[in-house]
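Student: Right, I'll just put the structure down here and ask away after.
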Amino acid sequence: MKSFGEQLNNAFGGIDDRFILSAQNPPKSEKRILLGSIAAALCVLLVLIPFLVTQGTFLRGDGWEQVFYEAATLQKKKTGPYGTLCMMTVNLGDISGVTEYQPAEDVCLEMFGQWLFSWGSMDYSLQFSLFPEEHLESYVYQEFEKAGYTKEQGMEKISQTASELFPFRKVEIQYTVTAIKRDDPELTRRFFQRINLEKAGIDPNEVTSVLHYSFEQVRLYYDGLLSSGNIFDDELGSGVYFYEYKGKWYLAPNMLEDDMSIDLLHAGKKKPSTYYEQKKLWGTITSIENGYICIDDSFYFFADEELAKGYREGDSVSVRYYNAVYRMERIEDGKKCKVARAVSIKKEDPS
Amino acid sequence: MEDEKIIELFFQRSEIAIPSLAQKYEKPLFSVSYRILQNREDAQECIKDTYLGIWNAIPPTRPASLYSFACRVARNISINRHKHNCAAKRNSYTVSIEEIGDCIPASNTVAEDFELQLLTDTLNQWLESLRPQNRYIFVRRYWYMDPVPQIATAMKMSDAAIYLRLDRLKKKLYKYLKERGYPV
């Protein structure tokens, strides 16, 4: 590993001046552009969202079910392939610039929710329905084929691996939409300039509409215990693009986590597998709650009832776990912690 | 004083060249050095060596950016000093290098200058492809070796969010290098 560091030092130490200079100060988020009246936007939303949702015509068949819509807060839920429940709460209260709320905009809200669900639960196969087949063909399916899987088997394998390594039971997503713009000339120009559609196998001439969302306060909560923090405070400061292509809406190609999904596809096949490599940790159980055993108040392990049986707080234990470690923070106090799947737990003599 | 004037002072071999440089950039240079060495005295010594190194390099070199040139010299000198210091000691340099080490291919061929330049060019291209926020986080962590909480404060994000972002950036870099034929 040390030679890696040496190579990094030599190569990374020689990066261009402009990157060193530009990192002197944090980049500024794009200034939020406020258009139209908030009151007008809210009125449109209040009238149209319940109507649109009950029509059900724009749901992409991805299983989102509305829980409630009240005071510009929309809540939907869906269940992942391995039973993880996702609750998505979207705050629409600050939206401005919406002059005509259309079905596409709700589709896109769900798509973004699904993308976050996929991202947060590590089940990247849930992203695939958000991108056109042409794109998946060149980026994902070829890898499935190489690994000896059909499309269905590949997706199943990814979901299965994610559920084994990160068996969250409930992922709660909360985000605020600050602006929705459809076919805005400047944003559309930027979309075609920044997003390489051709590389993703998409014919730009077939794109009939471009939608841009701006977000803030995007947070994920896991099993009522852990949180990702505000993950996209700045990354999505410039917003997310959706586009209409051959009559359907899709998420911009740059959002596809194809590299991650392929990693999961190969997990367990590669030798050694990074994901399934096992490590061991010694420590004291500081809490057992919500399906997790916490060691030394800093490392949470997924531990079902069977695995946690017979243990209690204060026990000295050794934990063997999969080295697919997720960094999060505890909801209660914001304390940084790690999360991983325990393989086995054994009592150890504290002496 | 403007950078061009300071560079000109070096070219003139003026005795106020180094004090002028120090007045303007001592703080960031010390910061770069200290994060690598985690030792105030060592860092101060390295800064003195940095001034000497710059004095010897200008002329003939005329850097496009005095700031990045000086930081680069300070970084290299500090890393060399680090190598001479306790190897087992884990400081921010060691930690940040270990963090990213998984993404960088281990191959003896890369040790060659030409290969090294290719790898640097590839890193430059990859950095270019990143969103500004991600690029800032990555460069601050692995070039300036800032601790994560400091980056989180600057970005007004949580530590966990920065860790998550870094994890994903490293995976993207891994993929990027792999696609370009590096033996990862």
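Student: Exactly one of (1) open to solvent by 50 Å² or more (accessible area, probe 1.4 Å); (2) small (Gly, Ala, Ser); (3) more than 14 Å from chain A (Cβ to nearest Cβ) is unmet by B:Ala57. Its number?
Tutor: (1)
Student: For region A:174-193, which positions are touching a residue at least 60 places away in the same chain (Cβ under 8 Å) and open to solvent by 40 Å² or more (accessible area, probe 1.4 Å)?
Tutor: The answer is A:Gln174, A:Arg182.
Student: Identify all residues within region A:141-161 that are of a type in the set (Lys, Arg) and either open to solvent by 50 Å² or more (accessible area, probe 1.4 Å) or at pLDDT below 85 (or both); write none if there are none.
Tutor: A:Lys146, A:Lys151, listed by residue number.
Student: Okay, moving on. Determine whether B:Tyr163 is in contact with a Cys (Cβ under 6 Å, 6 or more places away or on another chain), in a helix (DSSP H, G or I) and of a type outside the set (Lys, Arg).
Tutor: No: the conditions fail for B:Tyr163.
Student: Right, next: Could you list, in sequence order, all residues of region B:1-30 that are charged (D, E, K, R) and within 18 Å of B:Ala64 (Cβ to Cβ)?
Tutor: Matches in region B:1-30: B:Glu2, B:Asp3, B:Glu4, B:Lys5, B:Glu8, B:Lys24.
Student: Looking only at region B:145-169, filter to residues that are touching a Phe, Trp or Tyr at 6+ places or on another chain (Cβ under 9 Å) and touching a residue at least 60 places away in the same chain (Cβ under 8 Å); which one of those is surrounded by the fewest Cβ atoms within 10 Å (Cβ to Cβ)?
Tutor: Restricting to residues being touching a Phe, Trp or Tyr at 6+ places or on another chain (Cβ under 9 Å) and touching a residue at least 60 places away in the same chain (Cβ under 8 Å), the top hit is B:Leu166.
Student: If you scan region B:13-47, which residues turn out to be among the charged types (D, E, K, R), without any contact (Cβ under 8 Å) to a residue 60 or more places away in the chain and more than 19 Å from B:Asp3 (Cα to Cα)?
Tutor: B:Arg40, B:Glu41, B:Asp42, B:Glu45
Student: Name the single residue that is modelled with the lowest pLDDT among those in region B:119-136 being buried (at least 17 other Cβ atoms within 10 Å of the Cβ) and more than 9 Å from chain A (Cβ to nearest Cβ).
Tutor: Result: B:Leu130.
The values are calculated or read from the model by the stated rules, or taken from the named source; none is laboratory data. These figures come from a predicted structure and were not determined experimentally. A quick note on method: Cβ atoms are made from the backbone with ideal geometry, for glycine too, and the neighbour counts reach across all protein chains shown. The accessibility values were calculated without ligands, DNA or RNA, using every heavy atom of the protein model including side chains. Shrake-Rupley method; radii C 1.70, N 1.55, O 1.52, S 1.80 Å.
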